[in-house]
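Undergrad: First the structure, then my questions, so here it is.
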Amino acid sequence: MNAVRLSGVTKNYGAHRAVDSLDLSIPTGSVYGFIGPNGSGKTTTIRMILHIIHPDQGEIEVLGRKETRASNDRIGYLPEERGMYKKMSVKRLLTYYGTLKGMSKRDARRVGVEWMEKLGLEAWIDKKVEALSKGMAQKVQFISTVISAPELVILDEPFSGLDPVNLEVLRAAILELRESGSTVIFSTHDMTMAEQMCDSIFMIYRGKKVLDGTVASVRASYRADTIRLKLSGGRSVLEGLQGIDSVNDMGHIQEVRFSGDSQELLQRLMAVTAVNHFEITEPSLHNIFIRIASPEPEDVAHV
């Protein structure tokens, strides 16, 4: 069973086609990642799933229903644009959001306290929202999204601006939602997080679907033409070497896209520098993203 299904969905804003003939099926109980450059159509797709805006063509089914807003009480949504009532106490805020989703005040208060304890915020339950740090406020807004145990949770850039500690706390909470049976959709620019967390990913580029499947199947669809190197001579050693199509400098490691005999490349490198690491691998999700979304030469020429 699919939690969300889109069939032939198209959305235009005047002459601009934001989403173009999109087909997408999101299985129930999965963590599904939406990736793509800014302006590619991710947020438009999310807003159509939520019935905030409507497609010009196509059909959208959410939690088995096609009616506009019919399933919204079963959905939790964390928008990219954060916003809460700053003068409210955290307890009152969470209770308010819970009752909006049909919970009793008593249950909303209880579940809110449970989530605050789970995310390490129990000491702040009676504080006003305006007293919270940015990371704390983001976790509280996450709690307000999931307090009613929604069947479908949609998170738009949930990790944006979080420090590593708070990021790990939120990541664990999202995976716990999946374990409890919720379907989670989240958009992100963090390819490492998408690769680690998602059962499947969907990439949209210029309004069109360009990737859709498990992370393993997406990576396997690209041949193993990526070589990860650690060289004593650094990146400069790679300049001008035949067969190297691109170099992604990651600091101490260089990720090279190579067409040719990898053993010959290794011999050539060993002749001029010490090779501390040489690994042939499938491209990472980050590498695939860059390949698809890098501007074409003619686009750069018009910037």
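Undergrad: Are any of the residues in the range 263-276 acidic (Asp, Glu), modelled with pLDDT of 85 or more, farther than 30 Å from SER200 by Cβ and not in a strand (DSSP E or B)? Please lay out each step first, then the result.
TA: Taking the range 263-276 first, the residues acidic (Asp, Glu) are 264.
The next check asks that each one be modelled with pLDDT of 85 or more; those that pass are 264.
Those still in the list that are farther than 30 Å from SER200 by Cβ too: 264.
With not in a strand (DSSP E or B) added as a condition, the list becomes 264.
Yes, that holds for at least one residue.
Undergrad: Continuing with this model, one more query. Which of the residues spanning the range 84-129 are acidic (Asp, Glu) and either under 10 Å from VAL140 (Cβ atoms) or part of a loop (DSSP other than H, G, I, E, B) (or both)? Full working, then the answer.
TA: To start, the set of residues in the range 84-129 that are acidic (Asp, Glu) comprises 107, 114, 117, 122, 126.
Of everything in the range 84-129, just one residue is acidic (Asp, Glu) and either under 10 Å from VAL140 (Cβ atoms) or part of a loop (DSSP other than H, G, I, E, B) (or both), namely ASP126.
Undergrad: Still on this structure: Within the range 212-229, how many residues are free of Cβ contacts under 8 Å to residues at least 12 places away in the same chain and either touching a Lys or Arg at 6+ places or on another chain (Cβ under 8 Å) or crowded, with 18+ Cβ neighbours inside 10 Å (or both)?
TA: Number satisfying all stated conditions: 0.
Undergrad: Kindly provide the set of residues from the range 230-254 that are in a loop (DSSP other than H, G, I, E, B) and either surrounded by 14 or more Cβ atoms within 10 Å (Cβ to Cβ) or not polar (S, T, N, Q) (or both), ordered by number.
TA: Passing the criteria: GLY233, GLY234, GLU239, GLY240, LEU241, GLY243, MET250, GLY251, HIS252, ILE253.
Undergrad: Within the bounds of the range 112-131, is there any residue that is of a type outside the set (Val, Ile, Thr), surrounded by fewer than 20 Cβ atoms within 10 Å (Cβ to Cβ) and within 28 Å of THR44 (Cα to Cα)?
TA: Looking for residues that are of a type outside the set (Val, Ile, Thr), surrounded by fewer than 20 Cβ atoms within 10 Å (Cβ to Cβ) and within 28 Å of THR44 (Cα to Cα), one finds none in the range 112-131, hence no.
Undergrad: What number of residues within the range 38-52 are among the aliphatic types (A, V, I, L, M) and surrounded by fewer than 15 Cβ atoms within 10 Å (Cβ to Cβ)?
TA: 1
Undergrad: Give just the number: which of (1) within 30 Å of LEU170 (Cα to Cα); (2) touching a Gly at 6+ places or on another chain (Cβ under 8 Å); (3) free of Cβ contacts under 8 Å to residues at least 60 places away in the same chain; (4) not β-branched (Val, Ile, Thr) does GLU255 not satisfy?
TA: Exception for GLU255: condition (2).
Undergrad: Something else about it: In the range 155-169, which residues are within 17 Å of GLN141 (Cβ to Cβ), of a type outside the set (Val, Ile, Thr) and out of contact with any strand residue (DSSP E or B) (no Cβ under 9 Å at 6 or more places or on another chain)?
TA: Hits for the range 155-169 are SER160, GLY161, LEU162, ASP163, ASN166, LEU167.
Undergrad: Name the strands (runs of 3 or more DSSP E) wholly inside the range 1-69 in which the number of residues that are within 20 Å of LEU211 (Cα to Cα), modelled with pLDDT of 95 or more and of a type in the set (S, T, N, Q) is 1 or more.
TA: Per the criteria, 2-13, 16-27.
Undergrad: Scanning for something crowded, with 18+ Cβ neighbours inside 10 Å and among the small types (Gly, Ala, Ser), does the range 61-68 turn up at least one residue?
TA: Looking for residues that are crowded, with 18+ Cβ neighbours inside 10 Å and among the small types (Gly, Ala, Ser), one finds none in the range 61-68, hence no.
Conditions tested, residue by residue: (1) within 27 Å of ALA173 (Cα to Cα); (2) assigned by TED's automatic domain parsing to the domain that holds GLY161; (3) in contact with a Lys or Arg (Cβ under 6 Å, 6 or more places away or on another chain).
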residue: THR10; (1), (2), (3): no, yes, no
residue: TYR13; (1), (2), (3): no, yes, no
residue: ASP20; (1), (2), (3): no, yes, yes
residue: TYR32; (1), (2), (3): yes, yes, no
residue: PRO37; (1), (2), (3): yes, yes, no
residue: ARG47; (1), (2), (3): yes, yes, no
residue: ILE53; (1), (2), (3): no, yes, yes
residue: MET103; (1), (2), (3): yes, yes, no
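Undergrad: Hey, any hits in the range 199-208 for a residue that's in contact with a strand residue (DSSP E or B) (Cβ under 7 Å, 6 or more places away or on another chain), among the aromatic types (Phe, Trp, Tyr) and closer than 30 Å to GLY29 by Cα?
TA: Within the range 199-208, one or more residues are in contact with a strand residue (DSSP E or B) (Cβ under 7 Å, 6 or more places away or on another chain), among the aromatic types (Phe, Trp, Tyr) and closer than 30 Å to GLY29 by Cα.
Undergrad: Please enumerate the residues belonging to the range 132-143 that are surrounded by fewer than 18 Cβ atoms within 10 Å (Cβ to Cβ), of a type in the set (Gly, Ala, Ser) and under 15 Å from LEU78 (Cβ atoms).
TA: Filtering the range 132-143 down to residues surrounded by fewer than 18 Cβ atoms within 10 Å (Cβ to Cβ) leaves 133-135.
Add one more test, that the residue is of a type in the set (Gly, Ala, Ser), and what stays is 133, 135.
Correct list: GLY135 only.
The values are calculated or read from the model by the stated rules, or taken from the named source; none is laboratory data. From a predicted model like this one, the values you see are computed outputs, not experimental measurements. When we count neighbours, we look across all protein chains shown, and the Cβ atoms used for this are built from the backbone with ideal geometry, even at glycine.
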